[in-house]
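The values are calculated or read from the model by the stated rules, or taken from the named source; none is laboratory data. This structure is a prediction, so every number in the text was calculated from the model and none was measured. Backbone-built Cβ (ideal geometry, glycine too); neighbour counts: all protein chains shown. Accessible surface areas use protein heavy atoms only, side chains included; no ligands, DNA or RNA. Shrake-Rupley method; radii C 1.70, N 1.55, O 1.52, S 1.80 Å.
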Amino acid sequence: MAALLSIALSGCTGGIPAGDEAVEAPDFEGPWAAEFASAYEEATSQDARDALEDGEITELEFAEMEQRYGECLEAAGIEFGGFNDDFSHGFNFPDHMTYEDADALLNECSEQTGERQISSLYSSIAQNPQNVNPGELQVACLIEKGLVSPDYTVEQWEQDVPNHSYPIIESPTSEKDVAACESDPLGASVGP
């Protein structure tokens, strides 16, 4: 099976730097500078580094990564369903392939194409452009939707979030509204 995996992925290796030498990140600026630096240093794909090096990820750069990632998965025998509006993505693998093997191929293609770094940053920036503390955003969303009292604080949220034990004011849409505040408090999910 190992031989099959390396053959299947041989078409995906373009753009991977030789060796594991440390890479120094450019001096990034802006609210996401630290995250860009970390992603740049973690990326093993030159394509990913090229997309990250200017401190922003354009729609075109995201689309190019998505295409490379999809081609890598298809070469490995995994059907790629593309990215969804919430930046998750679907895939199907053949019946003869185990979940563990499919997961290993997904991870390998992600590393080779920079999918993890690019999609994570792209979605995070779309959902929180100023990189504001998620607690502040979620509390503001919960208050705005009338799910908690107006005096609910970030400190209370920090205590409640591990167990999802918010003091929710129940309504017919409260479950859906809480899920929206947790996943996308600014309502910015626009997808790729």
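Checking the condition farther than 30 Å from E29 by Cβ and at pLDDT 95 or above, which residue from D160, D151 passes?
Working: D160 fails: at pLDDT 95 or above.
So the residue among D160, D151 that is farther than 30 Å from E29 by Cβ and at pLDDT 95 or above is D151.
Kindly indicate whether A76 is surrounded by 13 or more Cβ atoms within 10 Å (Cβ to Cβ) and out of contact with any Leu (no Cβ under 6 Å at 6 or more places or on another chain). When the stated conditions are applied, A76 does not pass them. Can you find a residue that is touching a residue at least 60 places away in the same chain (Cβ under 8 Å), among the small types (G, A, S), closer than 25 Å to A33 by Cβ and assigned to a helix (DSSP H, G or I) anywhere in segment 93-104? Looking through segment 93-104, none of the residues is touching a residue at least 60 places away in the same chain (Cβ under 8 Å), among the small types (G, A, S), closer than 25 Å to A33 by Cβ and assigned to a helix (DSSP H, G or I). Of the residues making up segment 105-155, those that are in a helix (DSSP H, G or I) and more than 29 Å from A33 (Cα to Cα) number 3. Just the residues that are more than 10 Å from P185 (Cα to Cα) and open to solvent by less than 40 Å² (accessible area, probe 1.4 Å), please, taken from segment 126-145. Residue satisfying the conditions is A126 alone. When every residue of segment 39-51 is checked against the conditions, at least one turns out to be under 25 Å from P185 (Cβ atoms), at pLDDT 95 or above and among the aliphatic types (A, V, I, L, M).
Tell me, which residue of segment 77-88 that is assigned to a loop (DSSP other than H, G, I, E, B) and in contact with a Gly (Cβ under 9 Å, 6 or more places away or on another chain) is modelled with the lowest pLDDT? Walk me through it before giving the result.
Taking segment 77-88 first, the residues assigned to a loop (DSSP other than H, G, I, E, B) are 77-78, 84-88.
Keeping just the survivors that are in contact with a Gly (Cβ under 9 Å, 6 or more places away or on another chain) gives 84-87.
On the way: N84: 85, D85: 79, D86: 76, F87: 81.
Looking at residues that are assigned to a loop (DSSP other than H, G, I, E, B) and in contact with a Gly (Cβ under 9 Å, 6 or more places away or on another chain), I get D86.
Confirm whether F91 is under 28 Å from P134 (Cβ atoms), crowded, with 20+ Cβ neighbours inside 10 Å and at pLDDT below 95. Criteria not met by F91.
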